[in-house]
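In what follows, a structure is listed as structure tokens, so that the remarks can point back to it.
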């Protein structure tokens, strides 16, 4: 049979867009696995996921970057809301918001490369936070594109290691996500 | 746990009890009369407490899967909640099929599982399994109780979550040391959950819009699912449909919500729905969907369904069920009875606006479709036709029995030929399609409704999957009637192989079947084999006359009979295969 699978979602016109979903959830053991399990079970993408307790230790704040058509994003937010541990969520992409990601990058820095590397870090407003004879470790914050641009600007061979946290986001202006 | 219990501060004066005692007290406080379970190492303290009291009855099954199924059916067939109790490790893994079955059909249920002591968790201890991890995708929610002081609150939460909003199974995993530890006990009235507040009232503006669409419809259709049964909204639905005079269809899970003997009922819809129900569903211009979810077995290919323009109103308590497979025009999130009540208030003043001429024309079209008599079969056959057995069963029980089924052809025939006029009478596994549920379901139904007539329509392949429960039936003297439609095939698999796999009956023949009569007798029951159509009625009559016995009726039926109509997988609702076309 060439018929489409009866399990497939209807083909939608809207194309996949990047969304950044912020979630307040109970700071309980297993809450993270409920969220990540939901994404794998239903075949949704996760580009990045960050989570940490908030100023109220009974709550965690999670930021998920995902891509999907409008229909898929609608299902993702509905399914997340259904999880008993999820207190509140917002799709930050719906309104102006700020995104930041932290990267730690260890680069080769010896001889005349050393000065060049320092200058490059300055241009991107990075900070050198660890130094050895042959390496720098640079801390860089910004949105994902800025971090990508920094990596792009470096000589590939000089990169020893990168660690990225994934995006955290917050709405601009008066909008807040709280209980 | 940081949950605050408002107004139920645990007082210092409360007596200290063990976790096991607390657990049993909680069950009694919840009004639980019956627990289905199987003992084991991790739950010995709990079983010891059950032994010491007589408020909560324990029903010993022969396999934990049956405990979960029986508890599930206990919920489905009553307004009480089913509870099952299993030990750690294999106890809980055995129950998983039953939990997933309940989850797919949104059945409220609480599963209590034993766990190895807290200090042994993660040590690969004997009979240790990550119960919370294994069940996470097939429960509404689950808990691991690490401290006896959290036990009572957690049990309360479990019962609250299982029964509210879109219902579902909730598992509470309890380590053995927690059942032995002591603390003061007080059972909270309710536990507020800031992260869980299911919507009850529907949006009034949306309800008004819905009424507008409904009265302006030229070709209206009402399509309802399991949500109407689960929320006990059947009476309101009947009132609404009756006052509007519109046609109504039910899903497999929704049968009984609208009386099947009513003229306005078009039968079940979907893959094996009636011609008239599927055609009306496809060609209506306004569709009212209530507590149903447009799943693949109901509307077939959503793209094909979408080819006909129609306005859809969808009432459901679960927002994620709305606009999931089919785009909806008027979504109404809310508890079905509350929304229907609002709708009903607005019917009277708007009734005059219904276009009677258009409605009459629509009914004339529906009657033409109904005239196809899509469920007809060869009544003169010299071999027993399975449909005939169900028809006779319906006549003899006057449509008043509780019917459970397993999964496959017999399930579809039971759904098509037994006319359910009341909700909660038709108990089967719709979403997960779990073979083997029939017998444990019948046990749960009978224990929830002592004295009621309960029949299990089953197939030989399904029945063999939980056959050990015949022993449980003997122990608790459950006078079930087992109606086995024995075609020596996994009939539905065979049917698909006939239609779509060139008659290659790969592994679908049931070889080496037992002598079911002797087998029933060996368990202490009554067994009968029926081979001729002329003997069907007499055998059923005799079986139902035996009020106190479980009677196992082994009907040797036509091996090649198929279920019609049929919407092949991936096809559109109106692309049915009808019996005469083959």
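Nothing in this text is a laboratory measurement; each read-out follows from the coordinates by a stated rule. Only a predicted model underlies this, so the values are computations on that prediction, with no experimental measurement involved. All Cβ positions, glycine included, derive from the backbone under ideal geometry; neighbour counts span all protein chains shown.
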Normalising by the residue count of the stretch B:113-164, find the relative contact order in percent from Cα pairs under 8 Å and 6+ residues apart.
26
Principal axis dimensions, largest first and in whole angstrom, of the stretch B:526-582 by Cα:
47, 22, 14
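Pull up the DSSP beta bridges for chain B and report the antiparallel fraction as a percent, rounded to 5. It would help to have the intermediate numbers written out before the result.
Numbers: 6 of 71 bridges.
In chain B, approximately 10 percent of DSSP beta bridges are antiparallel ones.
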Between the stretch B:370-417 and the stretch A:71-128, what is the separation of their alpha carbon centroids in Å?
62
How many Å³ per residue does the convex hull of the Cα positions in the stretch B:137-240 occupy?
153
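Out of all DSSP beta bridges in the protein assembly as shown, what portion is antiparallel? Express it as a percent rounded to 5. Intermediate results must be reported in sequence, preceding the final value.
Working: 48 of 113 bridges.
Once the DSSP bridges in the protein assembly as shown are tallied, antiparallel ones form about 40 percent.
How crowded by other chains is A:74-87, given as the mean number of beta carbons from other chains within 10 Å of each beta carbon?
Details: counts 5, 4, 1, 2, 8, 4, 1, 3, 10, 4, 12, 4, 2, 5.
The per-residue average across the peptide is 5.
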For chain B, compute the orientation-averaged projected area of the C-alpha convex hull (one quarter of its surface), in nm².
27.4
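Before rounding to the nearest 500, sum -39500 (n - 2.57) across all DSSP H runs of length at least 4 in chain B and divide by the residue total; then give [θ] at 222 nm in deg cm²/dmol.
On the way: 23 runs with 214 residues, N = 582.
It lands at -10500 deg cm²/dmol.
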From the square roots a ≥ b ≥ c of the eigenvalues of the alpha-carbon gyration tensor of the stretch B:27-179, which class results: rounded (a/c under 1.5), prolate (a/b over b/c), or oblate?
rounded
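Tell me the Kirkwood radius of the stretch B:213-353: reciprocal of the mean inverse pair distance over distinct alpha-carbon atoms, in Å.
Numbers: mean 1/r = 0.0680 Å⁻¹.
Here the Kirkwood hydrodynamic radius works out to 14.7 Å.
Based on alpha-carbon positions alone, could you give the equivalent ellipsoid semi-axes of the stretch B:443-491 from the gyration tensor, as √(5λ), descending, whole Å?
Values: eigenvalues 96, 29, 11 Å².
Semi-axes (√(5λ), whole Å): 22, 12, 7.
Below 8 Å between Cα atoms, with a sequence gap of 6+, how large is the relative contact order for chain B in percent?
Working: 1310 pairs, mean separation 80.4, N = 582.
Normalised by residue count, the contact order of chain B is 14 percent.
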Could you give me the radius of gyration and the Dmax of the stretch B:253-292, taking only the C-alpha atoms into account and expressing both in angstrom?
10.1, 25
Virtual spin-label span in nm between residue B:52 and residue B:372, 7 Å along Cα→Cβ
6.5
Between the alpha carbon centres of the stretch B:490-557 and the stretch B:298-334 the gap in Å comes to 39
Consider just the alpha-carbon atoms of chain A and return their Rg together with their Dmax, both in angstrom.
20.0, 66
Cα-Cα pairs above 15 Å in the stretch B:352-423: how many percent?
67
Given the convex hull over the Cα atoms of the stretch B:394-530, what projected area results after averaging over all orientations, in nm²?
8.8
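Determine the shielding of peptide B:568-580 by partner chains: average, over its residues, the number of Cβ atoms on other chains within 10 angstrom of each Cβ. Display every interim value, and only then the final one.
On the way: counts 3, 6, 8, 3, 1, 0, 0, 1, 0, 0, 0, 0, 0.
Partner-chain Cβ atoms within 10 Å, mean over residues of B:568-580: 2.
Using mean Cβ contacts within 10 Å as the protection proxy, how do B:151-161, A:27-37 order, highest first?
Working: B:151-161: 23.9, A:27-37: 16.8.
Highest mean packing first, the order is B:151-161, A:27-37.
More than 41 angstrom separation, counting every C-alpha pair in the protein assembly as shown; what % is that? The partial results should precede the final answer.
On the way: 116217 of 289180 pairs.
It works out to 40 percent of all Cα pairs.
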With axes computed from alpha carbons, what is the tilt in degrees of helix A:144-153 against the longest principal axis of chain A, rounded to the nearest 10 within 0 to 90?
30
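Determine the relative contact order of chain A: mean sequence separation of Cα pairs under 8 Å and six or more apart, normalised by residue count, in whole percent.
Details: 301 pairs, mean separation 46.0, N = 179.
Computed value for chain A: 26 percent relative contact order.
So what is the calculated 222 nm ellipticity per residue for chain A, using -39500 (n - 2.57) for each DSSP H run with n of 4 or more, over all residues, to the nearest 500 deg cm²/dmol? Don't jump to the answer; show the numbers that get you there.
Details: 4 runs with 45 residues, N = 179.
Only helices count here, giving -7500 deg cm²/dmol.
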Quick calc of log₁₀ I(q)/I(0), the stretch A:76-163, Debye, one scatterer on every Cα, no solvent, q values 0.15, 0.26 1/Å, result -0.62, -1.31
Quick P(r) readout (the stretch B:415-496; Cα-Cα; 10 Å bins; whole %) gives 16, 50, 29, 5
Enter the angle in degrees (range 0 to 90, nearest 10) between the Cα long axis of helix A:113-123 and the first principal axis of the Cα atoms of chain A, meaning the one along which they spread out most.
50
